[in-house]
Structure formats: C-alpha cells, structure tokens
Amino acid sequence: MGRLQVDHLQILQQRYEQAMAAHGYDALLISSGAAPLRYGDDQAWHFQGYGPFLHWTGLVGREHCWLLVRPGQRPVLWLYQPVDFWHATLTLADEPWHGSVDMRTVDQQLPADLPGSGRQAVIGDPAVIAAVAGDHNPQALLPALEETRVHKTPYEIACLTQASRVALQGHNAARDVFLAGGSEFDISLAYQQATGQREADAPYHSIIGLNAHAGTLHYQYYDTVAPARHRSLLIDAGVRYRGYGSDITRTTAGPGEGRFAALIHGLDHLQQRLCGMVAPGVSYPDLHHRAHLGLAALLGAAGLVRGLDEDAMVAQGITRAFFPHGVGHFLGVQVHDVAGKPAPPPADAPFLRLTRTLEPGMVVTIEPGLYFIPSLLEPLLTGPLAKHLNAGLIRELQGCGGIRIEDNVVVTAAGGRNLTREAGG
C-alpha cells in the first residue's frame, strides 16, 4: 500500500498541475475543513474532512490542516496539532508517503508561514478559508479538480477493495443477528463490532430496515425493539478506509418468506447481469434503462404485473413505481463521488447520479431495487393500469418493504471488476 500511495501522489501532482496551468494558477491551497458548531450549542458536528484533502492525504478527521500544491515542487502539508488538555492530539504512524510531502506541524488554525505564491486558488469550506488570501473556490477550476477524481489510481482501488472486505464482515454479522431475531439497533451494533468502526466514522449513516422499513430508501432510524415477525432485512452500509468508502447493500428474507426470497434471488441474478455489462464505452444511462427492462421481466415472471411486455411496463412508468432511484453512482472519497453528471439525467430517470459513458479507472455502484412503497404504488393500483397489477400479491409483500442489492465495480480495460463479490460478498 505504501508504494501505491507514493505513486498516487505523483499522479495527483501531474493532474493538478495540468488543471492549474489550464486556469492560470501558480498555487493551490486546500483546506481540510473544520466541523461547525451546532446552532445554539457548544458542540460541533462530527467531522470527516473535505474531499480534495482526503484525495491527497487520506487523513480523515483532521481539522484545520492545509495542503499547498505548486508546479514542480513537493506539496507542503501543515498538520494542526494544538496543545490541548481537553482533547487528544492525533499522531501519525510513519508511512512512505510522508517522504513525498513537506510535512509541518503547527499549533494554530491558520499557518503563519504561508508563502506568497503568485496567483493562488484556495478551496474548501468558505467559513474556514475566509481569512486566506487568494481566489476562493474558483468556479472555473473546481470542475477540473473534480475530474482528477474520476479515474481511480491503483492506490485508490486498493483502498476501495479493503473497504469492501471489511464491510462484508459487517454485513455477514448483520445477517446473522437478523436471523437470530435481533432488532435494528442490535443489527447496527453487530455491524459496528464486526467492522471495528463507529457509526460516526462510517462513510454514511447505515440504512438498516426490517420489514416495511426496508421500503424507505434512506430509512434513518434504528428500532430498539425487534418486531414480532422478522420478514425481511435490508442493510445498506459501508466502511471507510484511508478516506475511501465502500457502499454495499444486501437484502435477506425472513423464515417462511418464500415469495420474497424468490424475488431477492431474481433481483440478485439481474444485478449480476448488470455488473457483467460494466465495460468501457457503456453509457451509464443505457445501463439504467437495461435495469428497468430486467426488472420488468422479473415483475412479469413473479406475477406482480400481467398482460404487458417489458417495453410497455417501462414506457408506462410501472417499473419506476417499483424502482424509483438510479442504478448507481461514482464511488471514492465521497460515497456519491463528484463529476458524475456533466449532463442532466434523462427525464424518466431524474434521480440518476451518473450520466457519463464508462471509462477504465472509474468505480461505480450497481444497485437495482424492487420496492413496495405505498405512496408510489397506490396511484397505479387505483388508476387505469390497475388491471395489470396483482394487487393482492403487492399488498402481501408490502410488509417486506423492498429489496436492494449493491456492489462496487471498477471499470477495467477489458470490462468490469466486482470488488464486492471478489471479497466474498
């Protein structure tokens, strides 16, 4: 990992120099950021760091740090290490990448020895960078810097691979606690225990939904009392490793839920076919459309929709009621990583977060879903298409909430590499 990170920094130096030269900058100062205080309180929000700073350093949780990038020179990294008897001061283990930067420690939030560097851009939280001289978050430069994160380096892929490996340990523990009759809170604790990661340090708030809760796409609560009957578990949870986050979703049927288990099996088969389609030159919006066609075939085979072929189900919006979100997104130091939408999404896929054509080095999620969401299905069940829907079966399965299956896939020169399944998921 050490040599890979050194190479990673060399690649970033080249990419940043090109972006800076194209926009006329002699220097770029990157803020790590800082957690703001909650309104009317003396407690701060939990902090994880600004994306470009993490892209360079992987130092999550480091507030008031700064990285200076200049053409032809080693980056300068100021680490904020105050004398503080209230809080512990983080120390860094010696790693090979430290030799690639000029590392300095300071006991003040803004280094006093910031050099004059010609025309300088400063990027980060406006509240943190306000007192620093330079062009703040220049709108012409920021997209070019975001583009440096689109094609992952071997180091980044290694980090994402490790994040998947550890997350799957948590997913396996979560499934076991569900099958043993645990509550959502019990499942959350099992996931954290297995991954060795606090909930606050995860790349995103874990989604853990039992039964009908699985039909809320970003369900955010954990019931402490287990339901009387365990019909389903949907867990969408990842792990952050050196700043990079995995994003994995699995769905498990409870005992005696044969129909729902068959739907999970069918969606898993579709999801693996979609993962197999990941390759250079593939339009991601087209992949999303293929997901809807595949879902239409599953709805027909399961008897949930009758009397319409796949194209008609998609064209008339039936599949969108069962699968309202996009098929995936970029993945990196942010879970929904940047630069995914240079063009707006199609009108029939307003929530699609990635509209690009796939290229080697991109890392994407593939996450089709099949949900029984009353607010989306009721208009169909009471409208002109009602005759095509199996209302009795739909209402029976609403208690299971829904299904989502999500893997993390690297686009390679030859096709796609599924990091999640490689790790045993």
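Does Val122 count as at pLDDT 95 or above and either surrounded by fewer than 17 Cβ atoms within 10 Å (Cβ to Cβ) or under 19 Å from Arg62 (Cα atoms) (or both)?
Answer is yes for this residue.
List every residue pair whose Cβ atoms lie under 9 Å apart, where the two residues are 6 or more positions apart in sequence or sit on different chains, the first residue falls within the stretch 345-359 and is on the phi < 0 side of the Ramachandran plot and free of Cβ contacts under 8 Å to residues at least 12 places away in the same chain, and the second residue, located anywhere, is in a loop (DSSP other than H, G, I, E, B) and surrounded by 13 or more Cβ atoms within 10 Å (Cβ to Cβ).
Here the result reads Pro350/Gly326, each pair linking the stretch 345-359 to a residue that is in a loop (DSSP other than H, G, I, E, B) and surrounded by 13 or more Cβ atoms within 10 Å (Cβ to Cβ).
Please tell me if Gly182 is more than 21 Å from Phe330 (Cα to Cα) and outside any helix (DSSP H, G or I).
For Gly182, the condition - more than 21 Å from Phe330 (Cα to Cα) and outside any helix (DSSP H, G or I) - is met.
Pairs under 7 Å by beta carbon, first residue under 11 Å from Ala423 (Cβ atoms) in the stretch 164-187, partner charged (D, E, K, R) and at pLDDT 95 or above, six or more apart or different chains?
Correct list of pairs: His171/Arg250.
Which residues, taken from the stretch 112-138, are acidic (Asp, Glu) and part of a loop (DSSP other than H, G, I, E, B)?
Matches in the stretch 112-138: Asp113, Asp125.
Search the stretch 96-111 for residues being of a type in the set (D, E, K, R) and not in a loop (DSSP other than H, G, I, E, B), and hand back the single one that is least open to solvent (accessible area, probe 1.4 Å).
By that ranking, first place goes to Asp102.
Being under 20 Å from Gly134 (Cβ atoms) and either in contact with a strand residue (DSSP E or B) (Cβ under 6 Å, 6 or more places away or on another chain) or of a type in the set (Asp, Glu) (or both) is the filter here, so list the residues in the stretch 4-19 that pass it.
The answer is Tyr16, Glu17.
Just checking, does the stretch 300-317 include any residue being within 30 Å of Asp201 (Cβ to Cβ) and among the basic types (Lys, Arg)?
Checked against the condition, which is being within 30 Å of Asp201 (Cβ to Cβ) and among the basic types (Lys, Arg), the stretch 300-317 yields no hits at all.
Could you grab me the full set of residues in the stretch 125-158 that are more than 24 Å from Lys341 (Cα to Cα) and of a type outside the set (Phe, Trp, Tyr)?
Ala127, Val128, Ile129, Ala130, Ala131, Val132, Ala133, Gly134, Asp135, Ala158
May I ask you to verify whether Arg165 is touching a Gly at 6+ places or on another chain (Cβ under 6 Å) and either of a type in the set (Gly, Ala, Ser) or within 28 Å of Tyr204 (Cβ to Cβ) (or both)?
The answer is no for Arg165.
Taking the stretch 56-105 as the region of interest, how many residues are within 25 Å of Cys159 (Cα to Cα), of a type in the set (Val, Ile, Thr) and in contact with a strand residue (DSSP E or B) (Cβ under 8 Å, 6 or more places away or on another chain)?
Count: 5.
Pull out all pairs, ordered by first then second residue, where Cβ-Cβ is under 9 Å, the residues are six or more apart or on different chains, the first lies in the stretch 372-390 and is under 25 Å from Arg404 (Cα atoms) and open to solvent by 60 Å² or more (accessible area, probe 1.4 Å), and the second is among the polar types (S, T, N, Q) and assigned to a loop (DSSP other than H, G, I, E, B).
Every condition considered, no pair remains.
The values are calculated or read from the model by the stated rules, or taken from the named source; none is laboratory data. Since the structure is predicted, the reported quantities are computational estimates derived from the model, not experimental observations. In this analysis, Cβ positions are derived from the backbone assuming ideal geometry, glycine residues included, and neighbour counts consider all displayed protein chains. Areas reflect the complete protein model, heavy atoms only, side chains present, ligands, DNA and RNA absent. Shrake-Rupley method; radii C 1.70, N 1.55, O 1.52, S 1.80 Å.
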